[in-house]
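The values are calculated or read from the model by the stated rules, or taken from the named source; none is laboratory data. These numbers come from a predicted model, not from an experiment. All Cβ positions, even for glycine, are placed from backbone atoms using ideal geometry, and neighbour counts span all protein chains on display.
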Amino acid sequence: MKAPKVIIRAFRSSDAPALTQTLHRAHADWGQAGLNVTAVDQDSPRRGGVLKEAALFGRAWLNQLAVEPGSRGRGIARRLPDIAD
């Protein structure tokens, strides 16, 4: 069976609930290993204390990459930094 096509696009605020659940699944193995990873159990994605430089138009950081466990091994995370550039 052919894997579904992956579409990478900009985040929309309406994505937050689904993204939160994806992050929980993607990082569950880290939590089970006892690592302290916020994405394992936080309630929703937060922007929190954003540095002044981070709020500048056109500026972004990729601090964590997460791929749905069932979609791993397809090179998705490897493509994200190139797309973000």
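Tabulated results
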{"quantity": "Selected residue (criterion: modelled with the highest pLDDT) from residues of region 1-36 that are assigned to a loop (DSSP other than H, G, I, E, B) and farther than 21 Å from Gly73 by Cβ", "calculated": "Gly34"}
{"quantity": "Tabulated pairs, region 68-85, first over 12 Å from Val6 (Cβ atoms), second at pLDDT below 85 and part of a loop (DSSP other than H, G, I, E, B), C-beta under 8 angstrom, 6+ apart or interchain", "calculated": "Pro81/Leu62; Ala84/Ala60; Ala84/Leu62"}
{"quantity": "Breaking point among (1) more than 12 Å from the chain's Cα centre (by Cα); (2) surrounded by 12 or more Cβ atoms within 10 Å (Cβ to Cβ); (3) at pLDDT below 80, for Gly58", "calculated": "(2)"}
